[in-house]
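The structure appears right after this line, and notes come after that.
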Amino acid sequence: MTKYVYEFADGNKEMKDLLGGKGANLAEMANMGLPVPPGFTITSDACRGYLATGHVPDGMWAEVADHLRGLEMRARRSLGDVRDPLLLSVRSGGKFSMPGMMETVLDIGLNDATVAGLAARSGDERFAWDSYRRLIQMFGKTVRGIDDAAFAGVLDDLKSRRSAAADIDLSAADLRELVEAYKKVYRDHVSDDFPQAPHDQLNQAVEAVFASWNAPRAALYRRQERIPNDLGTAVNVMMMVYGNLGSDSGTGVAFTRDPATGARGIYGDYLSNAQGEDVVAGIRNAVPLDDLATLNPSCFAQLTRHMATLEKHYRDLCDIEFTIERGKLWMLQTRVGKRTAAAAFIIATQLVDEDLIDLDEALSRVNGAQLAQLMFPSFVDSTDIPVLATGVAASPGAAVGRVTFDSARAAERAANGERVILVRRETNPDDLPGIVAAQGVLTSHGGKTSHAAVVARGMGRTCVCGADSLDIDADGGVFRVGDKTVSDGDIISIDGTNGKIYLGEVPVQDSQVVAYFETGLVGGALVAAVHRLLNHADGKRRLGVRANADTVDDALRSRRFGAAGIGLCRTEHMFLGDRRQLVEALILAEDTAARQSALDALLPLQRTDFEGILTAADGQPVTIRLIDPPLHEFLPSLEELAVRVALAEERGIDVDHDSRLLAAVRRMHEENPMLGLRGVRLGLMVPGLFAMQVRAIAEAAASVAAAGGDPHPEIMVPLVGSVLELEAVRDEALAVLAGVPGAPTTPIGTMIEVPRAAMTAGRIAQVAEFFSFGTNDLTQMGWGFSRDDVEGAFFPRYLALGIFDRSPFESIDIEGIGRLIQIAVADGRAARDDLQIGVCGEHGGDPDSVHFFHKCGFDYVSCSPFRLPVARLEAGRAAVIAAGSDSR
């Protein structure tokens, strides 16, 4: 029979699939002998069973009852005992950390009878009634779906009537009154009384946690973080321990290193006389963890020892939750802590220097998405804009946007192309859509471990928390700082590195990491860490990394950013601007002489283009794609040209050229230019066009070589769907190349961007010397939709429905388009074992896609210059991760 419940001592940190991250780490700490409150974990298998059938699996409740009896024996208390009640917490814990997504219920077991027993045992009547009101509120929200605002309104009303600034200012009698008011809220919303049976509370809470896996905000978070939907969550049931039993009690969150900067030391927040939810919610501003050394030296010493033990055991930054109950330290949770991108690189190299991990593992712990974050701009150091306020620097970066107080409104504005800053007193899980949409998050409450900070850091959003000088009136759409008022829609700038907030738009500057790529100068801990890990990735990767570059400037930047050549030089970009007239002349040519005259005019221009690029890429391959535009990009708009001709004729102006051009445009007008006369088709339909380009390439290469350079051009024929198309172009190209003295050997290959080319790759490889996958067009044609037309039309709906977890233009669709690629690679290499294979679509710079191309046996990826470092890093990671998998 399936086992659905595990004692903490029966698990370990490797069992995250079954016990979830929280349960597995609680088990690990328990087995290490750390002070973990007794409890047990209900497995994610049970959750999946519940989600599939709508009820818990057979036998699960019996297992829960058995483990509950064991817990009662260890705690020496019983659930429901009116004299000395055992109280429980029920917390979710999926395989992956999902901050604030799943629900928690504390103080399970309190009712009208046991509250008196808790008061007697604790000697604190106020504490007992405070715990009871928390249970009703959490249970009502989590289990019965009551809007938290209904409870908050009652609490605010009572505080107002008692002139209480905070919850802790309410007396026991006040809290007893609040419990009755909360029970009425509960009854009014669900037409039932709050359950008095402790076992009923426990069972309902467990099922509610199971059900919360499919809550909208949880689904949104999983899509954002690309967490599979079928994992389910485990549930951890634990004996309650209390940090709100007086000044010798408290709760906190600790990090073994600074999660924002990576600096060594002890970081975190501590809140005296409070429960853990108070710290995370940011309702009261906590003190720095270091203050615990003065408040409770003994517990601080124990905590720091446990932190050192955990970091050494996990060989990583640890995020720890703890509670002190009347002078006794309890460890409630640990996990490998989330961190900013900068901290990820710095900590990884620190751990190498401390001999806890090697460079391969360090490389596996950072990723291209983090490196991309480090390449974002930041605010200039000196600004004339005065600082409006300062808060806690919770997640670094520079964010500028319009103040928006409502999460839904933030998402709406962002969807309309506006930059927004979400401003809240404190955030909660319901604010996730606004955090996703915003450039940054600003709160007046909370610290580095608040909900806003944790979620923003995980998503790479800039965040400033705990700016308590802000008086936020969300309903009124303003916040005030002293005598200044900032309204909804006003532009502010926030700096998540130093916590500064500015009214207005602050200028930005390139990141120090980008400066390093541009100059090669290594300075500072962050740049040193990036340099070290990127060099290690270069030494490990099998994939070459090339750039998509069409100009000399791009080619030079690509070398600085680490490109090993140019994988795509798009020649159609060279025919725009002033040269468009020459293309018009080519199209209007009515005989061979006129067409040749236009080609002769284009030849020296193209030759100059290629000389510059081949010189910039000296010694490296340059894959030059022959012209591949939709023809309409070279021609005036049909409508505009028709109007121009009509107006000119009406005014008696000579329109001979425009009339002939209009006739040509009408003749060549296409309903769907992306599937029309372009690529190889255009080269075959306009005699001499491809030959002119090949001659320009050959003559440019010969000129560069004669000047002492080392050119390595490669000619790529676009949009081939039939081997016969490629043969026709290749024969003409070879004849041209043979006629240019001093031209180097020039491979001729093709883009695989038409599904038919992928399915006939074996035949095409008999003619092509290389394949380069044009995954942008391959995705469009494979899916049957155009990126330009559909990304704003139905992609948002597809993402909301879960049909897409991300755009197939952002990351390769492995199941569909990836299958075409795999077929083409296998058939191509079977026909030509020395076939060189690369990719030049922008998927070549997408981290997940790079791993796929590595597995497919590609020789290189190519992407835009600013994505080169990401591709280099991910290519190295792909090799290291694959080697690790092979060794297992």
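Considering only residues of the range 839-888 that are part of a helix (DSSP H, G or I) and hydroxyl-bearing (Ser, Thr, Tyr), which is modelled with the lowest pLDDT?
Checking each candidate, the answer is Ser887.
For Thr323, only one of the following conditions fails: (1) part of a helix (DSSP H, G or I); (2) open to solvent by less than 50 Å² (accessible area, probe 1.4 Å). What is its number?
Among (1) part of a helix (DSSP H, G or I); (2) open to solvent by less than 50 Å² (accessible area, probe 1.4 Å), Thr323 violates only (1).
In the range 408-433, which residues are modelled with pLDDT under 90 and either crowded, with 24+ Cβ neighbours inside 10 Å or among the hydroxyl-bearing types (Ser, Thr, Tyr) (or both)?
Thr427, Asp431, Leu432, listed by residue number.
Assuming Ala62 fulfils every condition listed in (1) touching a residue at least 40 places away in the same chain (Cβ under 8 Å); (2) farther than 18 Å from Thr233 by Cα apart from one, which condition is it?
Result: Ala62 fails condition (1) only.
Considering only the range 217-250, how many residues are open to solvent by less than 30 Å² (accessible area, probe 1.4 Å) and more than 29 Å from Gln350 (Cα to Cα)?
Qualifying residue count, the range 217-250: 21.
Working only within the range 768-823, note down all residues that are open to solvent by 70 Å² or more (accessible area, probe 1.4 Å) and assigned to a helix (DSSP H, G or I).
Of everything in the range 768-823, those that are open to solvent by 70 Å² or more (accessible area, probe 1.4 Å) and assigned to a helix (DSSP H, G or I) turn out to be Trp783, Arg787, Asp788, Asp789, Pro796, Arg797, Tyr798, Leu801, Arg819, Gln822.
So which residues in the range 286-320 are touching a residue at least 40 places away in the same chain (Cβ under 8 Å) and either surrounded by fewer than 18 Cβ atoms within 10 Å (Cβ to Cβ) or of a type in the set (Phe, Trp, Tyr) (or both)?
Leu295, Ala308, Thr309, Lys312, His313, Tyr314, Arg315
Restricting attention to the range 21-39, and to residues there that are out of contact with any Phe, Trp or Tyr (no Cβ under 9 Å at 6 or more places or on another chain) and crowded, with 22+ Cβ neighbours inside 10 Å, which single residue is modelled with the highest pLDDT?
So, considering only residues that are out of contact with any Phe, Trp or Tyr (no Cβ under 9 Å at 6 or more places or on another chain) and crowded, with 22+ Cβ neighbours inside 10 Å, the one modelled with the highest pLDDT is Ala24.
Would you check if there is a residue in the range 728-748 being open to solvent by less than 30 Å² (accessible area, probe 1.4 Å) and closer than 20 Å to Arg546 by Cα?
yes
Scan (1) closer than 19 Å to Val82 by Cβ; (2) buried (at least 17 other Cβ atoms within 10 Å of the Cβ); (3) among the charged types (D, E, K, R) for the single condition Asp167 breaks and write down its number.
(1)
Just for the range 702-727: of the residues that are surrounded by 15 or more Cβ atoms within 10 Å (Cβ to Cβ) and part of a loop (DSSP other than H, G, I, E, B), which one is farthest from the chain's Cα centre (by Cα)?
Gly709
Restricting attention to the range 145-164, report how many residues are exposed (fewer than 15 other Cβ atoms within 10 Å of the Cβ) and closer than 29 Å to Ser212 by Cα.
7
Could you tell me which numbered condition Gln370 fails, if it satisfies all but one of (1) in contact with a helix residue (DSSP H, G or I) (Cβ under 6 Å, 6 or more places away or on another chain); (2) under 23 Å from Ser487 (Cβ atoms)?
Answer for Gln370: the failing condition is (2).
Can you give me the number of residues within the range 1-19 that are over 24 Å from Asp316 (Cα atoms) and modelled with pLDDT of 95 or more?
Number of matching residues: 5.
What's the number of the only condition in (1) more than 30 Å from Leu317 (Cβ to Cβ); (2) open to solvent by 10 Å² or more (accessible area, probe 1.4 Å); (3) within 30 Å of the chain's Cα centre (by Cα) that Glu72 fails to meet?
(3)
May I ask you to list the residues in the range 443-457 that are among the polar types (S, T, N, Q), closer than 19 Å to Ser493 by Cα and surrounded by 24 or more Cβ atoms within 10 Å (Cβ to Cβ)?
Thr443
The values are calculated or read from the model by the stated rules, or taken from the named source; none is laboratory data. These figures come from a predicted structure and were not determined experimentally. Positions of Cβ are generated from backbone atoms using ideal geometry, with glycine treated the same way; all protein chains shown enter the neighbour counts. To get the accessible areas, we keep the full protein, side chains included, count just its heavy atoms, and leave off ligands, DNA and RNA. Shrake-Rupley method; radii C 1.70, N 1.55, O 1.52, S 1.80 Å.
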